[in-house]
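One structure is given below, encoded as structure tokens.
The values are calculated or read from the model by the stated rules, or taken from the named source; none is laboratory data. Note that the structure is predicted; figures quoted are calculated from it, not measured. Glycine also receives a Cβ, built like all others from the backbone with ideal geometry; neighbour counts cover every protein chain displayed. All accessible areas refer to the heavy atoms of the entire protein, side chains included, with ligands and DNA or RNA removed. Shrake-Rupley method; radii C 1.70, N 1.55, O 1.52, S 1.80 Å.
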Amino acid sequence: MTDLATPDAAISGKGDAVAPVDGAGGQPSGLKRSMGLLGVLMITLSAISPASSVFIIVPGIFATGGSGALIAMAVGALVGLCMSFVYAELASAFPLSGGEYAIVGRILGPFAGFVVLGVGVMQLIAIPAVMAVGIGVYLDVLIPGAPPVAAAVLTVALAAGVCVLHLRASAVVTGAFLAVELLALAALAALGFFHAARPLSEVVLHPVFLDTTGTLSAVSPTLIAMAVSLSIFSYNGYGSAVYFGEETHDASRHIGRTVLLALLVTVICEIVPVIAVLLGAPDLRTFFSSHDMMGVIFLSYAGPVANVLVSFCLVLAILNAVIANLLMCSRQLYSIGRDRILPARLSDGLTVIHPRFHSPWGATFVAGALSGAACLISEQMLLIITGSGILIMYMALCLAVIVGRRNGLTAGGHYRMPLFPLPPLLAFLAMVGVTGMNWMDAQVGRPSLVLTLFVALGAGAYYLLVLSRRGWRMQGPQS
């Protein structure tokens, strides 16, 4: 295997072969480059799932910041822009299926990379489970009484089956489902704008929230800051494109563009419906107090049939997001096997490539099994598991892009961010602020930070006690 300790190996023609070299018995021994920018963009947007963010995460932002959610979403978009610059530059230089750990390890060293890996694996296994567990709320509208845990496990199993297919086929499936969820968002936006009950100036200049007494009160800057921490995560996922770098033609050029385009599309698809519902909600007090805020808009202006149709769209959107996130998880597990992080037999199993579909079917099976098992964990625990890992990854990537620019390790990439080093510095400070906000949340945020810290320490200990003694080095795609 070709070692990718330097950026030249990561982006050279040798490391960017169009097809993998066959291994023993004529079996493919690496991932096949078969994707263009559009296909990777469809999968990346599906991983973000704008509809899931608007219907599941945004209500939490409304509950925290009221109509100040619009300001919070705008600030979160600026933070996302800074992080998209960071991802684009790093992914352009290191378009590797290992994702964040493969990038951080090559710039900040294997210890830092392995800490990021430990946190990343925990998240990539838990995120599909979180989404699958959430499908029960909308499936119950279509099939009353459907057992939620069984539905979640079945969703993961179905998604894993799709992930075994050729990546192009997965992109077609995710693209079709993505179109359905975007239609749901368009319908929500149209209803809100068409039935506008207040001017935009009122929402922006005089934001209100529902306080503990059930009264609409002015939103404080502190509450808006807390809502910003949620809005940042509503956009998260644009960096997912890097996981498919080894399956993308001319990846060094296309992956950076895909990251930036994914963020742009996501911000538009999320902020426009947020503006629409804040303008169109019949009564803000009723809207903010509802357990189904978006359902209020559909029931008020389109009736119960429309609400059922939207529930169907959201079931597809969540299934789509599970597919996309399992695709990412399988690529990282494949990279773990290639890097020989686990014992030899396990590593060999994770690197098995399907002879027809050229997908890492061994890693896909393991990803599906682990995420399916995670569906048996309580939703609260899953939220704790996924709550803070992104903070460590974002901060590590911000440091990595600064170090990589200064020591020349990212010089071989085709994308260079504007206004360097301002974007990574601003994003890093934002993550520090979000960490402080999470620590104030004694129910979810603080346990999540503590658990993430333990995982990071465990990952670092494994590297120091096991891998470093092997003289371990990260590997890249075969030439």
Residue by residue through the range 353-361, which ³J(HN,Hα) values in whole Hz follow from phi under the Karplus form 6.51 cos²θ - 1.76 cosθ + 1.60 (θ = phi - 60°), with glycine and proline marked x?
9, 5, x, 9, 8, 6, 9, x, 5
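Below 8 Å between Cα atoms, with a sequence gap of 6+, how large is the relative contact order for the range 372-462 in percent?
41 percent
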Summed residue charge, Cβ within 15 Å of V466's Cβ, Lys/Arg positive, Asp/Glu negative:
+3
Percent relative contact order of the chain, based on C-alpha pairs within less than 8 angstrom and at least six residues apart?
34 percent
Check which residues have an amide H placed less than 5 Å from V352's amide H, if you skip close sequence neighbours.
G362, A363
Using modelled amide H (1.01 Å from N, peptide plane; none on Pro or chain starts), what sits under 5 Å from the amide H of T248, excluding residues fewer than 5 places away?
S34, M35
Add +1 for every Lys or Arg and -1 for every Asp or Glu among the other residues with Cβ under 12 Å from the Cβ of F55, and state the total.
-3
For the range 185-198, Karplus couplings with θ = phi - 60° (6.51, -1.76, 1.60), whole Hz, Gly/Pro x:
5, 5, 5, 4, 5, 4, 4, x, 5, 5, 10, 4, 10, 8
Kirkwood hydrodynamic radius, computed over distinct alpha-carbon pairs, for the range 347-388: how many Å, to one decimal?
11.9 Å
So how do 326-337, 307-318, 168-179, 137-148 stack up, highest first, on mean other-Cβ count within 10 Å?
326-337, 307-318, 168-179, 137-148
How big is D, in µm² s⁻¹, for the chain by Stokes-Einstein at 10 °C and 1.306 mPa s if Rh is the Kirkwood radius over C-alpha pairs?
70 µm²/s
Label the range 349-479 by shape, choosing from rounded, prolate and oblate, from the square roots a ≥ b ≥ c of the eigenvalues of the Cα gyration tensor; if a/c is under 1.5 it is rounded, and otherwise prolate applies when a/b is larger than b/c, oblate when it is not.
oblate
For the range 39-136, what class follows from the C-alpha gyration tensor (a ≥ b ≥ c being the square roots of its eigenvalues): rounded when a/c is under 1.5, otherwise prolate if a/b is larger than b/c, else oblate?
prolate
Given a cut-off of under 8 Å on Cα pairs at least six residues apart, what relative contact order in percent is computed for the range 207-277?
19 percent
How large a share of the accessible area of the chain, in percent, is made up of carbon and sulfur atoms when the probe is 1.4 Å and the other protein chains stay in place?
71 percent
Rolling a 1.4 angstrom probe over the protein heavy atoms, how many square angstrom per residue are accessible across the chain?
38 Å²
Shape of the range 283-400, Cα gyration tensor, a/c cut at 1.5:
prolate
Based on alpha-carbon centroids, what's the gap between the range 70-138 and the range 153-211 in Å, whole number please?
20 Å
Give me the number: length gained by fully extending L425 to A157, i.e. 0.36 nm times residue separation minus the C-alpha to C-alpha distance, one decimal in nm.
92.4 nm
Note, the range 445-458: 3J(HN,Hα) by Karplus (6.51, -1.76, 1.60, θ = phi - 60°), whole Hz, Gly/Pro = x, goes x, 5, x, 5, 4, 5, 4, 4, 4, 5, 5, 4, 5, x
For an R0 of 41 angstrom, estimate the FRET efficiency from the Cβ-Cβ distance between T222 and R356 and round to the nearest 0.05.
0.15
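For V180 and L299 in the same chain, what is the full-extension length gain: residue separation times 0.36 nm, less their Cα-Cα distance, in nm?
Answer, rounded to one decimal: 40.9 nm.
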